[in-house]
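What follows is a single structure, written as structure tokens, with notes after it.
The values are calculated or read from the model by the stated rules, or taken from the named source; none is laboratory data. Only a predicted model underlies this, so the values are computations on that prediction, with no experimental measurement involved. For neighbour counting, all protein chains shown are included, and Cβ atoms are generated from backbone atoms with ideal geometry for every residue, glycine included.
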Amino acid sequence: MSPKRSPLRRLGSRTTAIWLLAGVAACAILGAVVPQVSLAGSGAVAQWQARYPLLSPVARALGLFDVFNSLPFLLLVAWLALSTAACAWERGVAAFGAFARAGSVSEADVRRLRERPQRVVPVAAGREDEALDALARSLRRMRLSVRHGPKLLSARTGRFRLLGSPLFHATLALLFLVIGLGRLGRCEGVLQVPVGSTVTDSAESYARANESPLCLGHSGLGVGASDLVFEYTDRDGVPRGASPVVTLYARDGRHLAGHHVYPNAPLRHGSLLVHMAGYGLAPVFSLESTGGSVISTAHAFVDFDASKASGTTPAGLEVTGADDSVRHDLRVVVPADRTPEGVVGRVPRDGRVEVSVASDEGTGPPVTLRPGEALTLPEGARLRLVSIGYYARLDVADDWSVYPMYLLFALAAAAVSASLWMPYRTVRALLADGAGGPELRAAVSDRRGDPLFAERVEAALREAAGREPAEKEESA
């Protein structure tokens, strides 16, 4: 091993890979045990911090609330990617050399057959001229590719198995690269879509968004939620819980795709993925002028939260007058129904909404509204509660790397299959003069180590040499 290749071999060594995998696995375990912040909200993080106040500062300092974006995890993954690439390069160089030489017989191979054969079978009198031809026919029946001359024979099968391991490692290295580039170009965010409505996939529509450095912008498609089924059962009869029907529309209104969306069943269209993140209540308000005409309408998005006394999280709502000069900040609470089992995730039976109006002096007392009722704002306009419906909270991600990842997974599976189901086997035989006359000297190699293959080759050698299969000859 030359000094120049030593660092590359150390980087691609099995020991290095095991330690790196252990580090990545430890981060994954921490990410599963400690709640992670996300665009969908960090309520679980707040609850964990309240439950473990002494551990919270340590977890925050170590980045445990965002493990998969922390510097240690990213460095581990980058190191593992380089290690995999080095391993793929080293294995690839060796495998392609072996692939090119597969089936050939070198001078060293001939010397080993003469001096240290694995099997020696004396050839019966009169069989010298046809021994190799008979052996070739037997090996072809065993589905080996055979080449032979007057004195020398070589046979092999499973040549492509040699490329399985380097192809698998190269695919993993490419997978790291694709995932990294995909993250740099990923656009994602949380859309709040009232059931029965459609919103546009644009930056201003998102409640929370994360645009990576190479994000080219959002798709501009319409994202609609036409229905919300609380106890949805899929075609296989598996209950999936609450599931909205999500539909994508082109800019000209054409229907592009749509179906029930629930965990692990996103809506896909091109590079766009729409996941179910939850649902909540969506009270609809209308702002009316002093003359009674409707100036604007707006939705408040209220989430269920069993830790709150009301059973829901207060939602902020901003309403604007006709000339855009008067704005009101509102605080909306929808008290949820409760049972001994907990908060009922439905529109409350009494349909009650509490609205507080913020001003320079602070937030005013809550005013209770039911559908159809209104409160008068300071400048005389009226805020009316039209209805209380539902909204679907959707995680929308535009990531071009999804389909290349699927392709790489398929290539990795094909490489593993080739390694498992296409064993590389070789047989080399030499017709040589021994002390007692002509004999077949052979070497058998089987990467899978199947004893039945060796026995079948032994039987073929004996048959070609004109010996009874039951006879046993001494092996050198």
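Would you check if residue 116 is surrounded by fewer than 20 Cβ atoms within 10 Å (Cβ to Cβ) and without any contact (Cβ under 8 Å) to a residue 12 or more places away in the chain? Don't jump to the end; show me each part of the working.
Values: surrounded by fewer than 20 Cβ atoms within 10 Å (Cβ to Cβ): yes; without any contact (Cβ under 8 Å) to a residue 12 or more places away in the chain: no.
No; evaluated as a whole, the condition is false for this residue.
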Could you grab me the full set of residues in segment 224-244 that are touching a residue at least 60 places away in the same chain (Cβ under 8 Å), of a type in the set (A, V, I, L, M) and over 15 Å from residue 264 (Cα atoms)? 225, 228
Determine, yes or no, whether residue 334 is assigned by TED's automatic domain parsing to the domain that holds residue 224, among the aliphatic types (A, V, I, L, M) and touching a Ser or Thr at 6+ places or on another chain (Cβ under 6 Å). yes
Residues of segment 257-281 being over 21 Å from residue 401 (Cα atoms) and either of a type in the set (A, V, I, L, M) or assigned to a loop (DSSP other than H, G, I, E, B) (or both), which ones? 261, 277, 281
Which of the residues belonging to segment 429-476 are part of a strand (DSSP E or B), farther than 13 Å from residue 155 by Cα, modelled with pLDDT of 90 or more and not charged (D, E, K, R)? 431, 432, 438, 440
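From 223, 199, 284, 245, which residue is in a strand (DSSP E or B), in contact with a helix residue (DSSP H, G or I) (Cβ under 6 Å, 6 or more places away or on another chain) and not small (Gly, Ala, Ser)? Can you show your working first?
Values: 223 fails: in contact with a helix residue (DSSP H, G or I) (Cβ under 6 Å, 6 or more places away or on another chain); 284 fails: in contact with a helix residue (DSSP H, G or I) (Cβ under 6 Å, 6 or more places away or on another chain); 245 fails: in contact with a helix residue (DSSP H, G or I) (Cβ under 6 Å, 6 or more places away or on another chain).
Unique residue meeting the criteria: 199.
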How about segment 382-395: which of its residues are farther than 24 Å from residue 229 by Cα and either hydroxyl-bearing (Ser, Thr, Tyr) or surrounded by fewer than 21 Cβ atoms within 10 Å (Cβ to Cβ) (or both)? 382, 384
When you look at residue 160, is it surrounded by fewer than 20 Cβ atoms within 10 Å (Cβ to Cβ) and within 31 Å of the chain's Cα centre (by Cα), yes or no? yes
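In segment 277-294, what count of residues is obtained for those that are of a type outside the set (Asp, Glu) and farther than 19 Å from residue 197 by Cβ? First the steps, then the outcome.
At the first step, the residues of segment 277-294 found to be of a type outside the set (Asp, Glu) are 277-287, 289-294.
Restricting the remaining residues to those that are farther than 19 Å from residue 197 by Cβ gives 289-293.
Qualifying residue count, segment 277-294: 5.
Yes/no matrix, rows are residues, columns are (1) among the hydrophobic types (A, V, I, L, M, F, W, C); (2) surrounded by 14 or more Cβ atoms within 10 Å (Cβ to Cβ):
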{"position": "267", "(1), (2)": "yes, yes"}
{"position": "289", "(1), (2)": "no, no"}
{"position": "294", "(1), (2)": "yes, no"}
{"position": "334", "(1), (2)": "yes, yes"}
